[in-house]
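Right, one structure below, let's go through it.
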Amino acid sequence: MFSIFKKYSKDGQLRKGLFDFLAEMEKNLEFFYVMDQRQFITHGFLTDVWPRVKDVDIIKQHESIAKYVQATEDFNLGLKAYKDYEAWYTGDLKNKNPENARKLHALKGELDQKLKGMEALIIPAGQDLEREMLKLGLLKS
């Protein structure tokens, strides 16, 4: 009898994790569109649900999802590096020189390039996840 409860509990956790991951992807796509439209990077992408679903077989079998996660983590690291350098640069008048300004500009340029590629990674990953959720009967077409 307890094995039945464990199975339903496990299925419920999987279901919730997949829906949360899909919702996170959709929110990240929205973040991309806002930042792209405004041409201003306001914050990083969400990656909170990834640790809960990274070991699920249907997630691991899709390279598009792995690329999406890697790109969001890479973008977030780039944003942190840019923000940290910007704070250091503006924090002391001694740091404001042409060389440091060029480096700050280069970090911003790299971040802008990373942002440009995000749509092409988020959409296929979301489509693959939706396809798998359809196969599992979690979504209806």
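The values are calculated or read from the model by the stated rules, or taken from the named source; none is laboratory data. Everything quoted here is computed from the prediction, not taken from an experiment. Glycine also receives a Cβ, built like all others from the backbone with ideal geometry; neighbour counts cover every protein chain displayed. All accessible areas refer to the heavy atoms of the entire protein, side chains included, with ligands and DNA or RNA removed. Shrake-Rupley method; radii C 1.70, N 1.55, O 1.52, S 1.80 Å.
When the chain is treated as a Gaussian network with alpha carbon springs shorter than 10 Å, the biggest mean-square fluctuation among T42, T90, T72 belongs to T90. In region 16-78, the portion of solvent-accessible area held by carbon and sulfur atoms comes to 52 percent [1.4 Å probe, whole percent, DNA, RNA and ligands not counted].
Of the residues F40, H105, Y68, the one whose Cα sits farthest towards the positive end of the charge dipole of the chain is Y68 (charges of +1 on Lys and Arg Cβ, -1 on Asp and Glu Cβ, taken about the Cα centre). Ellipticity at 222 nm from helices only: DSSP H runs of n ≥ 4 in the chain, each -39500 (n - 2.57), divided by the residue count, give -26500 deg cm²/dmol.
Principal-axis analysis of the Cα atoms of the chain puts helix 2-38 at an angle of about 30° to the longest axis.
Can you tell me the 0 to 90 degree angle between the C-alpha axis of helix 63-91 and the longest principal axis of the chain, rounded to 10? Computed tilt is about 30 degrees. Listed peptides 44-51, 132-139 appear in the order 44-51, 132-139 once ranked by packing, highest mean of other Cβ atoms within 10 Å at the front. The distance linking region 99-141 with region 20-54 is 8 Å (Cα centroid to Cα centroid, whole angstrom). In this Cβ point-charge picture (+1 for Lys and Arg, -1 for Asp and Glu), the chain has a dipole of about 260 debye about its Cα centre.
Rolling a 1.4 Å probe over the heavy atoms of the protein chains gives region 1-140 an accessible area of 66 Å² per residue.
Mind checking the angle between helix 119-135 and the chain's longest principal axis? C-alpha axes, 0 to 90 degrees, to the nearest 10. The answer is roughly 10 degrees. Counting Cα-Cα pairs of the chain in 10 Å increments starting at 0 gives whole-percent bin shares of 11, 34, 26, 16, 9, 4, 1, 0.
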